[in-house]
Amino acid sequence: MSLTEKIASDLITAMKAKDKVTLEAIRAAKTAFLLAHSEKGPDSVLSAEEEIKIIQKLVKQRRESAEIYRQNNRPELYEKETIEADVLEKYLPAKMSDDELTKIIRTIIDRVGAKAPSDLGKVMGAAVKELSGKADGKEISAKVKQLLG
């Protein structure tokens, strides 16, 4: 079952359960999928990678909004955004452990021949491509800096 189909199924479940916050988060995902699908053309199908990127973007937006609401002392909006982000994160693949991330980035560093912090761009390009959906860009960047520094 594709992520699009799973979200459509969960949307119906959330409607029946009258779970407003979950429903709102899932509707946002479904809307984003429909927009991406319509941009590609009528006969196109979203790949699993594209679906994951859309969900990651939605989660990131909600986390950033939640932080802004927290800074501006708006606890009710902070909580809503945090819960929606948590709902959407359930559709993402499991995050890598720190040890797994370190091991893969070391392999990438060896493969591209990076020796110094000035090689950060080469390593990041390969790492982001390889770890897309498995690790957050900030985590990747911090680990690459740590290993090259």
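The values are calculated or read from the model by the stated rules, or taken from the named source; none is laboratory data. None of these values were measured; they are calculated from a predicted model. When we count neighbours, we look across all protein chains shown, and the Cβ atoms used for this are built from the backbone with ideal geometry, even at glycine.
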Filtered residue count, the range 72-104, keeping only those that are acidic (Asp, Glu) and over 30 Å from Met124 (Cα atoms): 2
In the range 109-143, the residues that are aliphatic (A, V, I, L, M) and not in a helix (DSSP H, G or I): Ala114, Ala116, Ala135
Within the range 11-29, tally of residues that are under 19 Å from Gly133 (Cβ atoms) and among the charged types (D, E, K, R): 0
The range 116-149: number of residues that are free of Cβ contacts under 8 Å to residues at least 12 places away in the same chain and farther than 19 Å from Pro93 by Cα: 6
Selection status of Arg106, surrounded by fewer than 18 Cβ atoms within 10 Å (Cβ to Cβ), assigned to a helix (DSSP H, G or I), among the basic types (Lys, Arg) and in contact (Cβ under 8 Å) with a residue 24 or more places away in the chain: yes
Candidates Ala8, Ala48, Ala36, filtered to the one that is closer than 27 Å to Ala135 by Cβ and either outside the structural domain of Glu84 (by TED's automatic domain parsing) or surrounded by 14 or more Cβ atoms within 10 Å (Cβ to Cβ) (or both): Ala36
Cβ-Cβ under 9 Å pairs, at least 6 apart or on other chains, the range 29-42 side under 17 Å from Tyr91 (Cα atoms), far side at pLDDT 90 or above and among the hydroxyl-bearing types (Ser, Thr, Tyr): Ala29/Tyr91
All positions within the range 85-120 that are under 28 Å from Glu5 (Cα atoms) and either touching a Ser or Thr at 6+ places or on another chain (Cβ under 8 Å) or among the hydroxyl-bearing types (Ser, Thr, Tyr) (or both): Val87, Tyr91
Single match in Gln56, Gln71 (criterion: farther than 30 Å from Asp10 by Cβ and in the same structural domain as Ile7 (by TED's automatic domain parsing)): Gln71
Cβ pairs under 6 Å, 6+ apart, first in the range 1-16 and over 15 Å from Val87 (Cβ atoms), second not small (Gly, Ala, Ser): Thr4/Phe33
